[in-house]
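Asks: Take this structure first; my questions come after.
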Amino acid sequence: MSRAEPRAGQPGPPPAGDATGGRTDTGADAGVVAGPATGPAAGPVAVRAPRPGWTLGLFRSELVTVFRRRRTQALFAVLAGVPLLVGIAVRIETRNGGSLGGGGRGDGGPAFIEQVSNNGLFLTFAGLAATLPFFLPMAVGVVAGDSIAGEANAGTLRYLLVAPAGRTRLLVAKYVSVLAFCLAATLVAAVSALIVGFALFPVGDVTTLSGTSISLSAGMARALLIALLVAASLVGIGALGLFISTLTDSGIGAMATTVGLLITVQIVDSFPQLHVVQPYLFTHYWLSFADILRDPVSWTGIGKNLGLQALYAAVFGSAAWARFTSRDITA
Amino acid sequence: MAQPSTAQPPADVVIETRGLTKQYRGTLAVDGLDLRVPRGSVFGFLGPNGSGKTTTIRMLMGLIAPTAGSARVLGSPMPRAGRSVLPRVGALIEGPALYGFLSGRDNLLRYDSADPTADPRTRKARVAGALDRVGLSAAAGKRAKAYSLGMKQRLGLAAALLQPRELLVLDEPTNGLDPQGMREIRGLVRELAADGTTVFLSSHLLDEIEQVCTHAAVMARGRLITQGPVAELAAGTRGRLAVTGPDPAQAARVLAVHGVTGLTTDGQRVTGDLPADPPDLAEINAALVAAGVRVRGFGLERASLEDAFVALTGEGFDVAG
């Protein structure tokens with residue numbers, strides 16, 4: 001810290017007068033005590049030193065602010081609703097004991113959808129497979145795109161910066177809150193699917209993609225692992241959204257740009273003619289989480305996915321930092 | 001024990017800029033500003049809308065980087081020393097900005113948690129104290145979205161008062177307030193100044209500056225026109241002698257004899273400029289009485305800051321730069 005006051009070795013509780021919130025003259029007194037302006041920072045209120053735990057306070061405030069927004073709660077509701085809809089649809093389709101579409105729609109619906117009626121746990125996999133291509137990244141794009149630009153738009157950014165939150169610290173806090181949102185959003189979808197699956201369908205031992213059978217508890221452990229992998233798959237778009245968010249003062253604009261990029265990338269990823277660039281698209285290895293359900297687990301695709309996400313986080317995180325720490329805050 | 005520190009020259013000045021310049025796409029928003037704000041003053045930063053006041057404040061607070069020149073706040077260079085300077089500065093910049101979905105209290109809690117020097121243990125008490133200070137305690141639990149403009153302005157002020165500050169930078173603090181609210185804010189500013197806080201107050205309202213400020217600077221079109229103690233600025237233009245009574249024509253005649261020039265009569269009131277070597281006002285009064293002029297009011301009217309401004313810029317105050 002720049003201001004290591006020699007006599008304030010302890011974190012330095014504030015003058016007692018502080019606790020009342022009123023401005024007593026302790027502040028001014030302290031200034032005279034700190035009087036002879038030897039250092040550049042010596043001055044009336046200079047006794048206060050940065051507190052070690054304050055960064056955690058900023059993170060917590062950031063998380064609370066993100067999760068208390070109505071918009072965040074609406075996104076969670078949508079993410080919880082998708083598995084519910086899928087579950088009810090499958091239940092209605094198979095009400096008379098029939099199987100789902102009999103393989104005729106093998107690649108029509110999300111992966112794992114055929115197994116749901118036999119084992120409710122598969123609704124978790126199906127639910128994540130259904131929300132990962134669009135709903136989850138869209139939600140992350142909205143939250144990440146709004147993170148800086150939304151504050152700039154509302155003008156609150158300037159007050160956070162003169163508080164002073166510190167630009168790097170604020171950016172890190174923003175990214176941490178975006179990552180927390182990725183995890184929370186995935187868990188909302190997964191837990192909703194788990195509850196609906198257990199409520200509507202029989203559950204039991206899990207048949208892996210390799211044809212072997214594992215116990216229900218082992219299956220649930222793999223479901224948790226899959227949820228974590230899905231959350232990790234969103235790290236890249238989170239960093240991309242954060243970067244876009246530092247470019248503009250319009251929250252809506254940043255959200256729309258991020259979601260638009262997501263759609264563009266999904267389209268590019270679906271054209272076989274564009275296979276040259278596809279391995280570099282952040283969506284390309286998303287569905288590799290299904291490899292968790294092989295026996296033994298195949299890690300190649302998962303490793304590529306995680307590596308690509310880390311690369312995106314590094315590239316766009318640095319770009320966001322470079323932009324945000326040097327830009328003029330005029331909003 | 002507590003005396004205003006006057007010994008160290010650098011400690012005397014809380015804001016000092018040298019040639020501070022900001023250029024936006026070819027237009028000079030601020031042009032070579034040399035500003036000195038003495039410690040302990042209530043400093044009025046005056047200028048029409050668009051004259052570069054807010055741009056200057058943003059540079060002082062490290063939000064935007066100057067194109068040229070330098071700024072020192074509380075003795076340290078900005079924006080480089082922001083982390084040590086800004087916790088000692090409370091700021092209201094270009095109106096309040098709030099999280100509409102949070103209550104007034106939660107807004108302050110959030111801003112306070114962004115301050116690295118704020119003690120989380122006293123946070124609640126300090127927030128309650130700041131709310132009380134601006135008269136918002138009763139509405140503290142309401143969502144900020146439902147606040148009126150005046151309440152938002154008060155909440156913004158409360159955010160600046162969360163900690164004891166050495167310097168308060170208040171950009172148009174009475175915007176959106178009713179006359180009663182304006183009076184309260186002026187009272188608050190005087191109170192803070194009495195505690196030893198330097199208050200840097202920007203405004204486009206002359207009478208506001210005149211009522212509370214000890215020092216002032218005037219900006220127009222990005223340039224600093226003048227700065228100094230308010231009394232000196234106003235003294236730059238000489239006052240006018242004013243005589244009120246039922247015999248304005250006779251009064252004007254007597255005044256003209258005594259060398260008063262530029263006489264204007266407005267109903268029962270005659271005003272005029274005293275000569276460069278002014279005679280004793282008592283003599284003039286006696287002469288009026290001797291001439292049988294009935295006088296109801298007699299006195300020298302001090303030049304207002306507005307007169308000073310018009311004299312300095314040669315234009316009306318409300319012309320946007």
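Asks: Per residue, how many Å² of accessible area does region A:55-326 show with a 1.4 Å probe?
Replies: Values: 11170 Å² over 272 residues.
With all protein chains present, region A:55-326 gives 41 Å² per residue.
Asks: Ordered by packing density, taken as the mean number of other Cβ atoms within 10 Å over each peptide's residues, highest first, how do A:142-148, A:223-229, A:193-199, B:257-263 rank? Could you put the intermediate results ahead of the total?
Replies: On the way: A:142-148: 28.6, A:223-229: 19.3, A:193-199: 21.0, B:257-263: 14.7.
Per-residue Cβ counts within 10 Å, averaged per peptide and sorted highest first, yield A:142-148, A:193-199, A:223-229, B:257-263.
Asks: Take the Cα atoms of region B:116-174, build their convex hull, and give its volume per residue in Å³. All intermediate terms of the calculation are to be shown ahead of the outcome.
Replies: Working: hull volume 6.0 nm³, N = 59.
Convex hull volume per residue, Cα atoms: 102 Å³.
Asks: Keeping the other protein chains in place, figure out the carbon and sulfur percent of the accessible area of chain B, with a 1.4 Å probe. Kindly include the intermediate steps, with their values, before the conclusion.
Replies: Numbers: 6980 of 13420 Å².
So the carbon and sulfur contribution to the accessible surface is 52 percent.
Asks: What is the sum of charges around A:L75, taking Lys and Arg as +1, Asp and Glu as -1, for the other residues whose C-beta is under 12 Å from the C-beta of A:L75?
Replies: +2
Asks: Now for a separate question. Sticking to Cα atoms, compute the Rg of region A:55-326 to one decimal and its Dmax as the biggest Cα-Cα distance, whole number, in Å.
Replies: Taking only Cα atoms of region A:55-326, I get Rg and Dmax of 19.7, 65 Å.
Asks: Could you rank A:R323, B:R110, A:R167, B:R253 by how accessible they are, 1.4 Å probe, largest area first? Each step should come with its number before you reach the end.
Replies: Values: A:R323 90, B:R110 10, A:R167 45, B:R253 150 Å².
Order by accessible area, largest first: B:R253, A:R323, A:R167, B:R110.
Asks: Now, a different point. What are the principal axis extents of the Cα atoms in chain B, in Å, biggest first?
Replies: Between the extreme Cα coordinates on each principal axis of chain B lie 75, 47, 46 Å.
Asks: Additional query: Per-residue Cβ counts within 10 Å, from other chains only, averaged over A:162-173: what number is that?
Replies: Details: counts 21, 17, 15, 7, 5, 3, 0, 3, 1, 0, 0, 1.
The per-residue average across the peptide is 6.
Asks: B:V30's amide H: which non-local residues (gap 5+, or another chain) put their own amide H closer than 5 Å, with H modeled 1.01 Å from N in plane and none for Pro or chain starts?
Replies: B:K22
Asks: Taking springs between alpha-carbon atoms closer than 10 angstrom, which of B:I209, B:I15, B:I284 fluctuates most in the Gaussian network model of chain B?
Replies: Fluctuation is largest for B:I284.
Asks: Can you count the Lys pairs in chain B whose Cα atoms are under 21 Å apart, with each pair 8 or more apart or on different chains? Don't jump to the answer; show the numbers that get you there.
Replies: Values: B:K22/B:K53; B:K124/B:K142; B:K124/B:K152; B:K142/B:K152.
Lysine pairs meeting both conditions in chain B amount to 4.
Asks: Further question on the same structure: What is the dipole size for chain B, taken about its Cα centre, with +1 at each Lys and Arg Cβ and -1 at each Asp and Glu Cβ, in debye to the nearest 20? Display every interim value, and only then the final one.
Replies: Details: 36 positive and 32 negative charges, 307 e Å.
It works out to roughly 1480 debye.
Asks: Turning to a different aspect of this structure: How much accessible surface does B:R105 have with a 1.4 Å probe, in Å² rounded to 10?
Replies: Accessible area, nearest 10 Å²: 110 Å².
Asks: Taking a probe of 1.4 Å and counting only protein heavy atoms, give the total accessible area buried between chains B and A in Å², rounded to the nearest 100. Please report the intermediate quantities before stating the final value.
Replies: Values: alone 15750 and 16450 Å², together 27480 Å².
Answer for the B-A pair: about 4700 Å² buried.
Asks: List the aspartates and glutamates whose alpha-carbon lies under 14 Å from that of A:K304, not counting same-chain residues fewer than 8 positions away?
Replies: Reachable aspartates and glutamates: A:D291.
Asks: In peptide A:149-155, how many Cβ atoms from other protein chains are near each Cβ within 10 Å, on average? Kindly include the intermediate steps, with their values, before the conclusion.
Replies: Numbers: counts 0, 0, 2, 1, 1, 4, 7.
Counting other chains' Cβ atoms within 10 Å and averaging over A:149-155 gives 2.
Asks: Something else about it: Using the alpha-carbon atoms, what tilt in degrees (0 to 90, nearest 10) does helix B:123-133 show relative to the longest principal axis of chain B?
Replies: Its long axis makes an angle of about 20 degrees.
Asks: Could you let me know the centre-to-centre spacing of region A:225-291 and region B:156-227, using Cα atoms, in angstrom?
Replies: That distance is 48 Å.
Asks: Per residue of B:195-204, what is the mean number of Cβ atoms on other protein chains within 10 angstrom of that residue's Cβ?
Replies: Details: counts 5, 8, 5, 1, 0, 0, 0, 0, 0, 0.
Average per residue, whole number: 2.
Asks: I'm a student and want to see the number: the projected area of the Cα convex hull of region B:80-124, averaged over all directions, in nm². Present the calculation step by step, with values, prior to reporting the outcome.
Replies: Values: hull surface 15.5 nm².
It is 3.9 nm².
Asks: Can you tell me which of A:285-291, B:52-58, B:241-247 comes out highest on packing, and rank the rest after it, using the mean Cβ neighbours within 10 Å?
Replies: B:52-58, A:285-291, B:241-247
Asks: Return the single residue from B:G44, B:G272, B:G69 with maximal mean-square fluctuation; model: Gaussian network over chain B, springs between Cα atoms under 10 Å.
Replies: Highest fluctuation of the listed residues: B:G272.
Asks: Please report, largest first and rounded to whole Å, the three semi-axes of the ellipsoid equivalent to region B:240-302, where each semi-axis is the square root of five times an eigenvalue of the C-alpha gyration tensor. Numbers along the way, then the final one.
Replies: Numbers: eigenvalues 47, 33, 21 Å².
Ellipsoid semi-axes (Å, largest first): 15, 13, 10.
The values are calculated or read from the model by the stated rules, or taken from the named source; none is laboratory data. Computed from a prediction, not measured in an experiment: that's the story for all the values here. Positions of Cβ are backbone-derived with ideal geometry, glycine not excepted, and every protein chain shown enters the neighbour counts. The area values use the complete protein model at the heavy-atom level, side chains included, leaving out ligands, DNA and RNA. Shrake-Rupley method; radii C 1.70, N 1.55, O 1.52, S 1.80 Å.
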